Amino acid sequence: MASSPDDDAAALELVRAGVAGAVGGDADEGLGAFLSDQTLRRYLVANEGDTAKAAAQLTGSWRWRVKVQPQRIACELCSRDPMSHSLRPVGFDAQGRLLMYTCFATAHDRFDPHKSVAHLTRVLEDAQVLLDADGSRAAKWVLFIDFHGYSMRDSDPRAANNFVWLLQHYPERLGLAVIYNSGILFDGLWRGLRRILNPVTVSKVSFISSMDTPDANVLAMGSEMVAWLKAEVATNRTTEGRRARWWETHDAYGLPKSHDARGVASFVHDAKAYDSFEHYAIERFVDAHAHLPDPAVLQLRCI
């Protein structure tokens, strides 16, 4: 039976009080803003309505946020070379979820698991801010992981464990994870991941080997997003694509590229959405091999 509004409000207050009591003297003025009804509900859902467990998880997330300051993290590698990692937001799908795309072949300095999780943290943090700023959209995201270029060095279990650990601080955000063309190298790591992921999260993972897949989860992303993904995965399987700077819209001859790797048109031309990721707007990023921008500005950018 569905809970009444009074029951819902009571549960939220129990969680809020539980966190406040646990944090105690460690609280600051940011705690109240963090404990929004929306956030409390996500943690409650993740813990199947158990207010004590939700409060405990939220307390852990708050302490992590105070210590790590995820909104201030800068990707050290990408500050030096924007091609180090390729995970970035590329637009909203037909369900209103923010899709983030990455390809192993186009992430040229990806093997340090600690620096990779720093990059991932900043991407997820910025995505969360954007999702919470617009109540008309779904409050979830989609991760599309293109395994082209995946190698044994990418099978480091530390990277996978870091990813799973990080998800606990962003519960009920994942709407879908698409694993594209993973191959047999990923099989062993996936078997290990399945054992530590909860069944609900596992159910949100789709494995596909072609963008012409009949997979209902992929088709639900909508024609605009599917068309962009088809073009992107095809581009990244060419020599030029693997080396290309995805933020550049024109080729070496000054002609517009047929595919805009920054994202779907509806996202790129939406100032409120795309421009909110200022540190991802690489057309304004100073080439690391030319002269560096002011260090204070550089530290705010994680590509």
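For the chain, what is the calculated [θ] at 222 nm in deg cm²/dmol (nearest 500), taking -39500 (n - 2.57) for each run of four or more DSSP H residues and dividing by its residue count? Don't jump to the answer; show the numbers that get you there.
Details: 15 runs with 138 residues, N = 303.
About -13000 deg cm²/dmol.
With every atom except the alpha carbons ignored, what do you get for Rg and Dmax of the chain, in angstroms?
Computed over the Cα atoms of the chain, radius of gyration and Dmax are 19.9, 64 Å.
Using Cα pairs closer than 8 Å and at least 6 residues apart in sequence, work out the relative contact order for the stretch 43-122, in percent. Each step should come with its number before you reach the end.
Values: 76 pairs, mean separation 22.1, N = 80.
For the stretch 43-122, the relative contact order is 28 percent.
Calculate, in nm to one decimal, what LYS257 and ASP156 gain on full extension: separation in residues at 0.36 nm each, minus their alpha carbon distance. Numbers along the way, then the final one.
Working: separation 101, 0.36 × 101 = 36.36 nm, distance 3.53 nm.
Working it through step by step, the gained length comes to 32.8 nm.
Is there a pair in LYS115/LYS230; LYS67/LYS140; LYS67/LYS115 whose C-alpha atoms are over 21 Å apart, and which pairs would that be? Kindly include the intermediate steps, with their values, before the conclusion.
Details: LYS115/LYS230 29 Å; LYS67/LYS140 25 Å; LYS67/LYS115 17 Å.
From LYS115/LYS230; LYS67/LYS140; LYS67/LYS115, over 21 Å: LYS115/LYS230; LYS67/LYS140.
For a quick check of your reading of the filter: which chymotrypsin sites (Phe, Trp or Tyr not before Pro) in the stretch 107-169 sit in a DSSP loop and have no more than 14 other Cβ atoms within 10 Å? The partial results should precede the final answer.
On the way: sites: PHE111, TRP141, PHE144, PHE147, TYR150, PHE163, TRP165; in loops: PHE111, PHE147, TYR150.
Answer by residue number: PHE111.
Most fluctuating residue of ASN162, ASN181, ASN198 in a GNM of the chain with Cα springs under 10 Å: which is it?
Among ASN162, ASN181, ASN198, the largest mean-square fluctuation in the Gaussian network model of the chain belongs to ASN198.
At 7 Å along Cα-to-Cβ for each site, give me the label-to-label distance between ALA94 and ASN198 in nm.
2.9
For GLN168 and GLU76 in the same chain, what is the full-extension length gain: residue separation times 0.36 nm, less their Cα-Cα distance, in nm?
Going from the current span to full extension adds 30.7 nm.
So for the chain, averaging the separation of alpha carbon pairs under 8 Å that are six or more residues apart and normalising by length, what relative contact order in percent results? Let's see the in-between values first.
Values: 388 pairs, mean separation 58.1, N = 303.
Here the relative contact order equals 19 percent.
Using every pair of alpha-carbon atoms in the stretch 102-214, split the distances into 10 Å bins beginning at 0 and state the percent of pairs per bin, rounded to integers.
In order of increasing distance, the bins hold 12, 44, 36, 7, 0 percent.
How far apart, in nm, are two points set 7 Å out from the Cα along the Cα-to-Cβ line at ALA265 and at TRP190?
With each label point 7 Å from Cα toward Cβ, the separation is 3.5 nm.
Please give the length that would be gained between ASP50 and VAL66 if that part of the chain were fully extended, namely 0.36 nm times their separation in residues minus their C-alpha to C-alpha distance (nm, one decimal). Spell out each step's value before the answer.
Values: separation 16, 0.36 × 16 = 5.76 nm, distance 2.44 nm.
Value of the extension gain: 3.3 nm.
For the pair ALA20 and ASP37, how long in nm is the line joining their label points, each one 7 Å along Cα→Cβ?
For ALA20 paired with ASP37, the spin-label model returns 1.7 nm.
Values quoted throughout were computed directly from the atomic coordinates according to the rules given, and no laboratory measurement underlies them. On a predicted model such as this, the values are computed, not experimentally measured, just so you know. So basically every Cβ, Gly included, is an ideal-geometry build from the backbone, and we count neighbours across all protein chains shown.
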